[in-house]
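Data block below; observations after.
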Amino acid sequence: MELLSQPYFALFVIICLGFVLGNIKLGGVSLDISAIIFVALLFGHHGVVIPPVIGTLGLVLFIYTIGMQAGPGFFDSFRKQGRSLMVLTTIVVVSASLLAFGAFYYTGIEMPVALGLLTGAMTSTPGLAAATDVTSSPLISIGYGIAYPFGVIGVILFVRLYPKITRANIKKAEEEYEKESHLGFPDIQSQTFQVDNEAIIGKSIKDLRIRTMTGAVISRIMHEDESLIPSPEAILHKGDLVKAVGTEEALEKIKLLIGHATDKEIPLHKSYEVQSVLVTNKDAVNKPLGNFNLWANYQATVTRVRRSGIDITPSPSMRLQMGDKLMVACSRENMRQVGSFFGNNDKKLSDTDFFPIALGIVLGVLLGNLSLSFGSGTAFTFNPGLTGGVLLVGMILSRIGRTGPIIWSMSGAATQLLRQLGLMFFLVEVGTKAGANMVETFQTYGINLFLIGGVITLVPMLLAVIAARFLKGMNFLTLMGTITGAMTSTPGLAAASPLTDTNAPAVAYATVYPVAMVLLIVCIQILSFFG
């Protein structure tokens, strides 16, 4: 067909057919967007050619958005989750890499094929992108395409069957996780207290340093049946009612400081209201909440902050992020001004500023071209390459959040769109390039590649399960999420999530995935020196 000689037409034909194939489910399992590479292999085998620039464009968009998405989780995982998850992740990725090297060394397959089997067995498209960038070999995509199907199915079967084989107590694991989650992310509550502590009567909220001493925020005060605005200068009298917002521990401290808890409610003052305000003003991003002097300027108080689905007790040192939702209490007259000050514009969250994206990619490309030498003479030289440079810059910038007037963070919708677009372009180009060598590779290696890919998928998961037995306190649901994250298997996570009503597998996956991705790229860089 003459139209297929036009790259732009062939590009979108392959994408369309890839989505059709990807939506076909067999036993509840589908290839999803990764089916594009199989369609591209077929088209490439029949002579369809996609210009390399399309693949490179897709690569940088995909890897940069992966870095933006993974950055905060990567850095926070070391601080929040401890060493256990990192140990398991390292075991999975390193053992898979060693198996790939063993296949190269003992079976005689070429290193690009071994790298393709490694990335396919771990269902890692970023790994595929990194291996392609390092070696520029079309054989990588063939190895990836051979190992990927079992990489998807193998992880799903492991996650679904392992709990049944081991007779895991899911209910107990859920209870343990809920307890751990409560300690890590305590709920924000509100409670009314009656002033009966003689030591504080006649003193102001400012003098008592309530926020500093307890960690709670005073949201309302009622004196002689009149609801008052809780200004720092507000004086507490015996019998006053005080409504506080904070964690259970903070409210216990309030009780000790002020007096006993009561079921009485404090009505809102007629000129007083409480509303949620969305942070969408660039000037407010990455600045401490205390710098805004909300009370002095608007007689307003922030009682809680909702970020990424979690309620957080505000503090003067808390730095605001784009998309934070502030629960603000102030007069009706000032609420509009407070909303305008923070932005409170849903539309801005969906708008995309392409300047930070372009600048971030430029910085990533520049970093990728730097080479680090270790030793002298025949020195070992490490070059992050296009993939490593763009990924690293994306992670760092997402962590920084803002530099002067530049907001590096992107909305979820923008990130998802660019990620999908980049991934589709990349898969089409590398798939068609690999298609020309597909038949020759099958004739050379036969069924061996399928077996090697299956071993690289299963053995690392078994090693992780064995290692987890030596790590005290490892929650079973967290283990399942860790394995899917270490294998960078989103379908595996989809199989693990129905095991429980908690978000334990998803939290572990989100923590481990960026670590696994970075480790895999480093291992690919190292293995490439032997090929």
Got a sec? What order do 408, 295 fall in by accessible area at 1.4 Å, biggest, i.e. largest, first? 295, 408
Two decimals is fine: what is log10 I(q)/I(0) at q = 0.12, 0.20 Å⁻¹ for segment 224-307, from a Debye sum with one equal scatterer on every Cα and no solvent? -0.48, -1.21
Residues other than residue 423 with Cβ under 14 Å of its Cβ, Lys/Arg counted +1 and Asp/Glu -1, net out at -1
222 nm mean residue ellipticity, helices alone, for the chain (DSSP H n ≥ 4; -39,500 (n - 2.57); rounded to 500): -19000 deg cm²/dmol
Could you please tell me the mean projected area of the C-alpha convex hull for the chain, averaged over all directions and given in square nanometres to one decimal? 29.8
Taking a threshold of 22 Å on the Cα-Cα distance, which of the pairs 264/325; 282/347; 206/255; 243/287; 171/253 fall above it? 264/325; 243/287; 171/253
Over 10 Å intervals from 0, what percent of Cα-Cα pairs in segment 92-237 sits in each interval? 9, 22, 12, 12, 11, 12, 14, 7, 1
Quick one: what does P(r) look like for segment 264-337 with 10 Å bins over all Cα pairs, in whole %? 19, 53, 25, 3, 0
Accessible area per residue, 1.4 Å probe, Å², for segment 384-423: what's the number? 38
How long are the semi-axes of the equivalent ellipsoid of segment 214-264, defined as square roots of 5 times the Cα gyration tensor eigenvalues? Whole Å, largest first. 18, 12, 10
Counting Lys and Arg as +1 and Asp and Glu as -1 over every other residue whose Cβ sits under 12 Å from the Cβ of residue 326, the net charge comes to +2
Could you order 62, 101 by accessible surface area, starting with the largest, using a probe radius of 1.4 Å? 101, 62
From largest accessible area down, sort 330, 523, 16; use a 1.4 Å probe on the protein chains. 16, 523, 330
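As an exercise, use a Förster radius of 51 Å and the Cβ-Cβ distance of residue 355 and residue 238 to find the FRET efficiency, rounded to the nearest 0.05.
In this case the efficiency is close to 0.30.
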With a probe of 1.4 Å, find how much accessible area segment 277-361 has per residue, and write the answer as a whole number in Å². 50
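Once the Cβ-Cβ distance between residue 83 and residue 6 is put in as r, and R0 is 60 Å, what FRET efficiency do you end up with, to the nearest 0.05?
The pair residue 83/residue 6 has a calculated efficiency of 0.65.
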State the percentage of accessible surface on the chain attributable to carbon and sulfur atoms; use a 1.4 Å probe and exclude ligands, DNA and RNA. 60
For residue 304, which sequence-distant residues (separation of 5 or more, or a different chain) have an amide H within less than 5 Å of its own amide H, given hydrogens modelled in the peptide plane? 327
Averaging sequence separations of C-alpha pairs under 8 Å and six or more residues apart, then dividing by the length of the chain, give the relative contact order as a whole percent. 28
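The values are calculated or read from the model by the stated rules, or taken from the named source; none is laboratory data. As the structure is a computational prediction, the values presented were derived from the model and not from experiment. So basically every Cβ, Gly included, is an ideal-geometry build from the backbone, and we count neighbours across all protein chains shown. Protein only, heavy atoms only, side chains kept; ligands, DNA and RNA dropped before computing areas. Shrake-Rupley method; radii C 1.70, N 1.55, O 1.52, S 1.80 Å.
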